[in-house]
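Here the structure comes first, spelled out in structure tokens, and everything after it is commentary.
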Amino acid sequence: MTDIRIRDAGPADIPALHRLIESAYRGEASRAGWTTEADLLDGQRTDPDDLAELLADPAQVMLAVFAGDELVGCVLIADRGAGVGYFGMLSVKPTLQVGGLGRRLVEAAHAALRERFGVRRVRISVLPQRETLIAWYRRLGYAPTGETLPFPYGEPRFGLPLRDDLSFIVMERALA
């Protein structure tokens, strides 16, 4: 996919962002791609209120990718202070995954984190059961830090766990 446009998402994009993120991570639609969490989590990945809060926070930006008028990808970037940034909610329309759009989104996230927030290091958090995704991030230069974060059990806003061993590993890479 070569003819894409990346811009900051705004409040009017929330319904399309919500549909895209849910389709990339949860339910049967997510199984059309390789980023599904459907075997680990049920329920929602996010909700419109959460997206509105993210978009209203000046330390965070949702980059939205369009092919024509269709939203086909997004990624949340955030300033964590002290030269450290974060990205998450990396989402690509499941039927378009494996075409390089995710890699382009990560590169755009890195550039935006450097330019907007002066970030020198980027952190991500990944469920350790997602070995294929971890391997992909390793190929992009990320390495595990040894740090783990707990999964927010009991908070259905983040999904309904299908197993009791969920947590996150933290991965990091330096930006040039």
Which residues, taken from region 41-70, are open to solvent by 20 Å² or more (accessible area, probe 1.4 Å), in a strand (DSSP E or B) and within 11 Å of L20 (Cα to Cα)? E70
For V126: the one exception among (1) under 19 Å from G33 (Cα atoms); (2) modelled with pLDDT under 95: (2)
For residues that are in contact with a strand residue (DSSP E or B) (Cβ under 9 Å, 6 or more places away or on another chain) and assigned to a helix (DSSP H, G or I), scanning just region 128-176, find the one that is surrounded by the fewest Cβ atoms within 10 Å (Cβ to Cβ). R138
Across (1) surrounded by 14 or more Cβ atoms within 10 Å (Cβ to Cβ); (2) in contact with a helix residue (DSSP H, G or I) (Cβ under 7 Å, 6 or more places away or on another chain), S125 clears everything bar (2)
Which of the residues that make up region 1-35 are free of Cβ contacts under 8 Å to residues at least 40 places away in the same chain and of a type in the set (A, V, I, L, M, F, W, C)? A12
With the checklist (1) in a helix (DSSP H, G or I); (2) surrounded by 14 or more Cβ atoms within 10 Å (Cβ to Cβ); (3) of a type outside the set (D, E, K, R) in hand, flag the one item A38 doesn't pass. (1)
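The values are calculated or read from the model by the stated rules, or taken from the named source; none is laboratory data. Predicted model, so just to flag it, every value in this text is computed and none were measured. Neighbour counts run over all protein chains shown; Cβ positions are idealised from the backbone, glycine included. Heads up: the accessible areas ignore ligands, DNA and RNA and are worked out on the full protein's heavy atoms, side chains in. Shrake-Rupley method; radii C 1.70, N 1.55, O 1.52, S 1.80 Å.
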